[in-house]
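The structure appears below as structure tokens.
The values are calculated or read from the model by the stated rules, or taken from the named source; none is laboratory data. Keep in mind it's a predicted model, so treat the numbers as computed, not measured. FYI the Cβ positions are ideal-geometry reconstructions off the backbone, even for glycines, and counts take in every protein chain you see.
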Amino acid sequence: MKTKRYNPLHILGANGWKWRCYSTDEVIQMDDTDDYFVYTMEFLGEYHTLVRAVVAQHSKHLCIDGHYGVLWIDAVKYENNPPYSERDLNDMICAIELAEENLLTIGMPFTSDYRFHGNKANRKRRNDKLRKLYNLDELEKREG
């Protein structure tokens, strides 16, 4: 298998994910934005959910987990107002699952120890293939 260059900005930006690069951006809501990059995309379930993907993209980002790829995904904005019911929370979880599926489909790898939702074994296999495609294990050893 031929390896490809790991470039999350290109992978995500070319597929509709928005790079949130300013610390003043209300969606980022985090202090250590130098330790990772933040991307967002909106998913529709019963309501619109803005999902945030936190990504280790550069060698300086290895300080968080020691691995390249999506570190975690969370729901940062939900169209329905609180208080949230169980149905709302399930809708947010569905949006996170859709985000995982979308990211794997467009070729965006996750960290090696990411815990997937939904069809966990299949997503883990797909992630392992992507990590191998970008030669991330070797890259992490060399740059970490």
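A few comments on the model shown:
- Candidates Y68, Y78, Y36 - the one that is at pLDDT 95 or above, under 26 Å from E143 (Cα atoms), surrounded by 15 or more Cβ atoms within 10 Å (Cβ to Cβ) and of a type outside the set (S, T, N, Q): Y68
- Given (1) of a type outside the set (F, W, Y); (2) more than 16 Å from the chain's Cα centre (by Cα); (3) closer than 15 Å to Y39 by Cα, index of the condition N80 fails: (3)
- Looking across region 48-72, the residues that are over 8 Å from the mean Cα position of the chain (by Cα) and in a strand (DSSP E or B) come down to H48, T49, L50, V51, A56.
- Residue count for region 76-89, restricted to those that are out of contact with any Phe, Trp or Tyr (no Cβ under 9 Å at 6 or more places or on another chain) and either assigned to a strand (DSSP E or B) or in contact (Cβ under 8 Å) with a residue 60 or more places away in the chain (or both): 2
- Within region 90-133, being part of a loop (DSSP other than H, G, I, E, B), without any contact (Cβ under 8 Å) to a residue 40 or more places away in the chain and surrounded by 13 or more Cβ atoms within 10 Å (Cβ to Cβ) holds for F116, H117, G118, N119.
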